[in-house]
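The values are calculated or read from the model by the stated rules, or taken from the named source; none is laboratory data. As the structure is a prediction and not an experimental result, all values here were calculated from the model. Cβ atoms come from the backbone with ideal geometry, glycine included; neighbour counts cover every protein chain shown. Surface areas here come from the heavy atoms of the whole protein model, side chains and all, with no ligands, DNA or RNA. Shrake-Rupley method; radii C 1.70, N 1.55, O 1.52, S 1.80 Å.
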Amino acid sequence: MKIKVIGIFACMLLLTMIPVAAGMSVPEDPQRSDIGWTTIQGFLLTPPQEINGGTLIWFRCLFVHYVAQGLGPRVTGFRFGGTIMVIPNTFRGVLMPHMILGWCRGVLEF
């Protein structure tokens, strides 16, 4: 009886090792999903500036309202009083020196 239990345990251990040996492990560099959207509207303290080689845009918020909708619950909120906000350069809409109004794909981290 003990030999059967040890044999079953060894087979289960072998079955769990097959995906790892086949390269089905967790990816080293996970990518952000583009599911969902984020709308941004408000007034800026500083003009938008590109960082990280132009892939991101940052600015300080005078009063900015955002709505982020993904697979989970909707996240809404405000940024104000000089708080820094970073958005991707895929932003679509109006981005003027002291005003922002538009949306971007994906849910931003707030």
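State all residues of the stretch 72-82 that are surrounded by 13 or more Cβ atoms within 10 Å (Cβ to Cβ) and closer than 15 Å to H98 by Cα; if no residue qualifies, say none. Before the answer, list the steps.
Of all residues in the stretch 72-82, those surrounded by 13 or more Cβ atoms within 10 Å (Cβ to Cβ) come to 75, 79-80.
Selection gives R79, F80.
Given (1) over 12 Å from W37 (Cβ atoms); (2) of a type in the set (A, V, I, L, M, F, W, C); (3) touching a Leu at 6+ places or on another chain (Cβ under 9 Å), where does A68 come up short, assuming only one miss?
(1)
Could you list all residues from the stretch 85-110 that are out of contact with any Ser or Thr (no Cβ under 8 Å at 6 or more places or on another chain) and open to solvent by 80 Å² or more (accessible area, probe 1.4 Å)?
Within the stretch 85-110, R92, M96, H98, L101, E109, F110 qualify.
Name the single residue, out of those in the stretch 19-51 being in contact with a Pro (Cβ under 8 Å, 6 or more places away or on another chain), modelled with pLDDT of 80 or more and not hydrophobic (A, V, I, L, M, F, W, C), that is most open to solvent (accessible area, probe 1.4 Å). Can you show your working first?
Going through the stretch 19-51, the residues in contact with a Pro (Cβ under 8 Å, 6 or more places away or on another chain) turn out to be 25, 44, 47-48.
Of the ones still in play, those that are also modelled with pLDDT of 80 or more are 44, 47-48.
Filter again for not hydrophobic (A, V, I, L, M, F, W, C), leaving 47-48.
On the way: P47: 63, P48: 39 Å².
The selected residue is P47.
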